[in-house]
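Read-outs throughout are calculated quantities, based only on the coordinates presented, and are distinct from any laboratory measurement. Everything quoted here is computed from the prediction, not taken from an experiment. All Cβ positions, glycine included, derive from the backbone under ideal geometry; neighbour counts span all protein chains shown.
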There are 2 protein chains.
Amino acid sequence: MSLIVVGSMAFDAIETPFGKINRIIGGSATYVAYVATNFVTPVQQVSIVGDDFPKEEMYALAARGVDLQGVEVVAGKKSFFWSGRYHLDMNTRDTLVTDLNVLADFNPVIPDAYQGTEFLMLGNLDPAVQLKVIEQLKTRPRLIVMDTMNFWMEIALPGLLKVLKKVDVLMVNDSEARQLSGQFSLVKAAKEIMSMGPQYLIIKKGEHGALLFHKDLVFFAPALPLEEVFDPTGAGDSFAGGFIGHIARTKDISFENMKTAIIVGSAMASFCVEKFGPEKLRNLTRSDIDDRIRQFVDLVNFDIKLV
Amino acid sequence: MSLIVVGSMAFDAIETPFGKINRIIGGSATYVAYVATNFVTPVQQVSIVGDDFPKEEMYALAARGVDLQGVEVVAGKKSFFWSGRYHLDMNTRDTLVTDLNVLADFNPVIPDAYQGTEFLMLGNLDPAVQLKVIEQLKTRPRLIVMDTMNFWMEIALPGLLKVLKKVDVLMVNDSEARQLSGQFSLVKAAKEIMSMGPQYLIIKKGEHGALLFHKDLVFFAPALPLEEVFDPTGAGDSFAGGFIGHIARTKDISFENMKTAIIVGSAMASFCVEKFGPEKLRNLTRSDIDDRIRQFVDLVNFDIKLV
């Protein structure tokens with residue numbers, strides 16, 4: 001009864017400077033679930049797939065503690081498909097194909113068993129769908145975290161602004177924060193966005209780390225400098241999964257604990273980019289995660305005496 | 001007898017999206033000296049100016065504890081002049097004018113009184129000039145820190161590689177690290193560059209912070225998220241001044257203390273960008289600096305218990 005995750009479950013085709021894969025499991029809710037189950041179970045999934053989505057993947061998710069009651073399987077239809085090509089810097093990509101398929105008619109229904117859940121992670125989806133989820137919950141979750149993207153700012157801004165009023169934490173990347181606020185300075189952008197509803201704002205900067213804003217407070221978490229970034233697909237969702245997973249595990253929604261949650265999210269994102277798709281996330285051990293978090297502590301810890 | 005600073009003292013003309021100034025004091029050694037004197041005096045300056053360089057500026061530097069014996073004043077010639085225009089993102093700029101003037105014939109002579117100095121900061125200059133300074137020192141300083149730029153990689157690479165073998169710490173920005181190493185990954189770039197001589201490498205990423213590498217160790221310091229970046233000119237030199245100033249004050253050249261030095265450097269750079277040229281650096285108090293360093297501590301400090 002702790003965490004609802006809403007988002008896509010999909011197939012991706014990915015090209016990076018290091019390789020190409022024509023069909024791999026993807027989708028925001030898939031990544032969030034694989035990551036969050038390291039910290040908390042059950043993860044109560046809300047999504048939609050076609051009957052082409054592999055049963056083995058469903059079993060693997062179920063075995064990790066993902067509750068799939070809220071995942072609609074549509075017979076005779078295909079799952080959402082996204083295809084993209086990354087540039088050399090891995091921070092920019094071109095979308096080659098977006099086939100919404102089942103996602104075009106996604107009308108989420110929250111199972112009764114999910115009512116009373118304390119934490120809600122709204123993965124990147126049509127704001128109208130995100131709103132429908134919030135409106136179905138009889139008790140407001142203690143913390144609602146929302147991801148979105150520039151696409152919705154362009155075609156569904158009024159709907160997006162409406163959901164923003166109902167969430168606690170918004171996650172966007174730096175260019176999306178600038179687009180949504182009309183401010184180039186991220187500090188000014190954060191103030192503007194927090195005036196739209198969310199009390200907390202996380203700005204993801206990819207290889208340059210992430211910022212957490214709340215009122216006049218700011219916290220910065222770096223990304224781990226890696227020898228190879230193999231495939232950034234799902235890094236933002238893995239970050240979200242680590243963030244909300246840590247919060248749901250500790251049940252502590254203070255700013256101080258969100259700082260820790262961002263470090264956990266950054267650690268999980270650093271695993272994600274090491275292999276294609278969610279491959280690396282399937283078999284992480286507790287000690288893998290602890291080792292990685294220790295690397296973040298070493299990366300930023302310093303002692304200072306004032307002048 | 002603690003710190004020698006070598007570099008340019010100059011005039012700049014600067015255009016940013018926020019304003020324009022036709023003539024302001026600049027030069028790498030000027031910025032380093034203004035910053036480093038907050039931490040250590042005397043700063044033993046080695047530079048060259050024309051007789052157009054304001055006496056008032058020399059007096060102001062002297063009053064702060066900058067030893068100007070090593071600054072050659074060339075009668076009838078002009079000081080180095082640089083002019084540039086920043087783009088909206090403030091991370092990129094176009095150089096409009098570079099008039100070397102006196103800098104074209106810079107043949108540094110180290111005053112006898114500077115011999116025996118423990119710390120040497122080689123600001124960005126022709127590597128041949130940097131080498132001449134090192135070769136004149138009868139006792140090798142305990143720590144030699146070198147700044148350079150892409151320009152020298154393009155026109156003076158053999159000379160640059162020669163100096164690299166003689167320094168302990170190299171400071172470059174991310175694109176320069178990639179250019180010098182031929183590696184896109186900064187982790188791989190760092191390994192490659194450390195094999196060229198320096199045991200320590202600092203990669204500056206502007207608003208995205210800075211990385212310190214040493215053997216297999218890595219440390220990351222963020223830049224302070226600012227509402228306004230008014231003028232980035234001198235930010236890298238201010239960072240260098242804070243770094244070497246802290247090291248010279250504490251006389252501790254361990255990796256642990258370099259981490260602290262990078263935070264101090266980042267704090268000093270964050271002041272620099274708030275006004276045109278070195279204006280903001282002239283009147284900082286100890287409490288201004290302490291407050292700013294506290295902001296860095298708050299920005300990155302977190303508590304974590306392992307999973």
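List of remarks:
- Using C-alpha pairs under 8 Å with a sequence gap of at least 6, the mean separation divided by the residue count of chain B gives a relative contact order of 17 percent.
- Size of charge dipole - the stretch A:228-289 - debye, nearest 20, with Cβ of Lys, Arg +1 and Asp, Glu -1, no other charges: 240
- Among the residues of A:263-269, the average count of other protein chain beta-carbon atoms within 10 Å of the residue beta-carbon is 1.
- Rounded to 5, the percent of DSSP beta bridges in the stretch B:1-155 classed as antiparallel: 30
- Averaged over peptide B:48-57, the number of partner chain Cβ atoms lying within 10 Å of each residue's Cβ comes to 0.
- Unit charges at the beta carbon, dipole of the stretch B:86-235: most positive-side option, B:Gly116, B:Asn173, B:Val102: B:Gly116
- In straight-distance terms, cross-link reach from B:Lys132 covers every one of the aspartates and glutamates whose alpha-carbon lies under 14 Å from its own, apart from those fewer than eight places away in the same chain; here that gives B:Asp105.
- Computed about the Cα centre, the dipole magnitude for the protein assembly as shown is approximately 720 debye when only Lys and Arg (+1) and Asp and Glu (-1) carry charge, each at its Cβ.
- Where labels lie 7 Å past Cα in the beta-carbon direction, separation of B:Glu256 and A:Asp94 in nm: 5.2
- Gaussian network model of chain A, Cα within-10 Å springs - most flexible of A:Ile244, A:Ile21, A:Ile144: A:Ile21
- Peptides B:182-188, B:231-237 ranked from most to least packed give B:231-237, B:182-188, packing being the mean of other C-beta atoms within 10 angstrom over each peptide's residues.
- Springs between Cα atoms under 10 Å define the GNM used for chain B, and in it the highest mean-square fluctuation of B:Glu207, B:Glu135, B:Glu227 occurs at B:Glu227.
- Listed residues A:Asp51, A:Asp67, A:Asp288, most fluctuating in chain A (Gaussian network, C-alpha, under 10 Å): A:Asp288
- Scattering curve values for the protein assembly as shown, log₁₀ I(q)/I(0), Debye with Cα scatterers, q = 0.08, 0.09, 0.10, 0.13 Å⁻¹: -0.60, -0.74, -0.87, -1.27
- Positive-end residue of A:Gly27, A:Leu224, A:Val163, charge dipole of chain A with Cβ unit charges: A:Val163
- For chain A, the mean residue ellipticity at 222 nm estimated from helices alone is -10500 deg cm²/dmol, where every DSSP H run of n ≥ 4 contributes -39500 (n - 2.57) and the total is divided by all residues, rounded to the nearest 500.
- For the stretch B:145-303: relative contact order, % (alpha-carbon pairs under 8 angstrom, 6 or more apart): 16
- Residues of the stretch B:62-79 with amide N under 18 Å of the 7 Å Cα→Cβ point at B:Asp112: B:68-71
- Listed pairs A:Lys259/A:Lys280; A:Lys138/A:Lys162; B:Lys78/B:Lys162 exceeding 22 Å between Cα atoms: A:Lys259/A:Lys280; B:Lys78/B:Lys162
- Net charge, A:Met58 excluded, C-beta distance under 13 Å - Lys, Arg +1, Asp, Glu -1: -4
- Share antiparallel - DSSP beta bridges, chain B, percent rounded to 5: 40
- Net dipole in debye of the stretch A:111-263 [+1 Lys, Arg Cβ; -1 Asp, Glu Cβ; about Cα centre; nearest 20]: 680
- The alpha carbon gyration tensor of chain B gives principal lengths a ≥ b ≥ c with a/c below 1.5, which makes the shape rounded.
- Given A:Lys20/A:Lys165; B:Lys166/B:Lys204; A:Lys191/A:Lys251, the pairs whose alpha carbons are separated by over 30 Å: A:Lys20/A:Lys165
- Once the C-beta distance of B:Leu137 and B:Ala60 is scaled by a Förster radius of 25 Å, the resulting FRET efficiency is 0.35 to the nearest 0.05.
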